[in-house]
Amino acid sequence: MDAQTTSRGGRGARERIMQAAGRLFYRQGIHATGIAALTDAAHVSTRTFYQHFPTKDALVEAYLGRYQDTPIPSERQLDRDDLPPVSRLLAIFDPLETDPSAVQRGCPFHNAVVEAAGELPDVARLVERHKRAFRDRLAVIAAEAGAADPDGLARQLAVIFEGAAAYAASCNDPQVAADARAAAATVIQAALRLSTPN
């Protein structure tokens, strides 16, 4: 084994590549991040990179797959046991309210499928599964909250959330989160009123 491979490979190379992908894909975008940038940030050789990920597409799938085990902050709000159901539904918007000086990047899944533009079908399928699972989780909590049509409420909340994340990233405007939360509260209140007998 040559010295370069030793110094730029070794134990933990795969994890360093994953961490580099997590930072660079989210901050710079998938297409804008080349293999050279990834290997440099991960301190691995190109050869080591391809030993772990035969293609960049494979790394993109692994990057998104990691969020299955460690959900994005908004999704983690749904698992909080210190909040009642309605508050959990509204809490998904809280992580979108970041430091006003920070660059808004939105949802990594949304970003990935937009960048893929139909060219990465495996990524598109992974994103679709993830978004459906998020909507289904919203429906479970909407049912706990007493919504007469939890599936309908879940779809509406998913649309508001996705729209807010995309709009915040497009305009770099953290105020969008507060507006989206207010809209979601109105939708939830209407759904709960419909479930209450007159």
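Being modelled with pLDDT under 80 and more than 24 Å from residue 176 (Cα to Cα) is a description that applies to residue 120.
This table checks each residue for (1) touching a residue at least 12 places away in the same chain (Cβ under 8 Å); (2) buried (at least 16 other Cβ atoms within 10 Å of the Cβ); (3) out of contact with any Asp or Glu (no Cβ under 9 Å at 6 or more places or on another chain); (4) part of a helix (DSSP H, G or I).
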site: 148; (1), (2), (3), (4): yes, no, yes, no
site: 151; (1), (2), (3), (4): yes, no, no, yes
site: 160; (1), (2), (3), (4): yes, yes, yes, yes
site: 164; (1), (2), (3), (4): yes, yes, no, yes
site: 178; (1), (2), (3), (4): yes, no, no, yes
site: 182; (1), (2), (3), (4): no, no, yes, yes
site: 185; (1), (2), (3), (4): yes, no, yes, yes
site: 190; (1), (2), (3), (4): no, no, yes, yes
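Residue count for region 26-64 under the criterion of being touching a Ser or Thr at 6+ places or on another chain (Cβ under 6 Å), in a helix (DSSP H, G or I) and in contact (Cβ under 8 Å) with a residue 24 or more places away in the chain: the result is 2.
Under the condition of being part of a helix (DSSP H, G or I) and among the hydroxyl-bearing types (Ser, Thr, Tyr), which residue from region 65-94 is surrounded by the most Cβ atoms within 10 Å (Cβ to Cβ)? Step through it out loud before you land on a result.
Narrowing region 65-94 to residues part of a helix (DSSP H, G or I): 65-69, 73-79, 85-91, 94.
Then keep just the ones that are among the hydroxyl-bearing types (Ser, Thr, Tyr); that gives 67, 74, 87.
Numbers: 67: 16, 74: 19, 87: 13.
Step by step, filter region 65-94, then rank; the result is 74.
In region 117-142, the residues that are in a helix (DSSP H, G or I) reach residues that are basic (Lys, Arg) with C-beta atoms within less than 9 angstrom, at least six apart or across chains, in these pairs: 135/155; 138/155; 139/155; 141/88.
The values are calculated or read from the model by the stated rules, or taken from the named source; none is laboratory data. A quick note: this is a predicted structure, and the numbers were derived from the prediction, not measured. Positions of Cβ are generated from backbone atoms using ideal geometry, with glycine treated the same way; all protein chains shown enter the neighbour counts.
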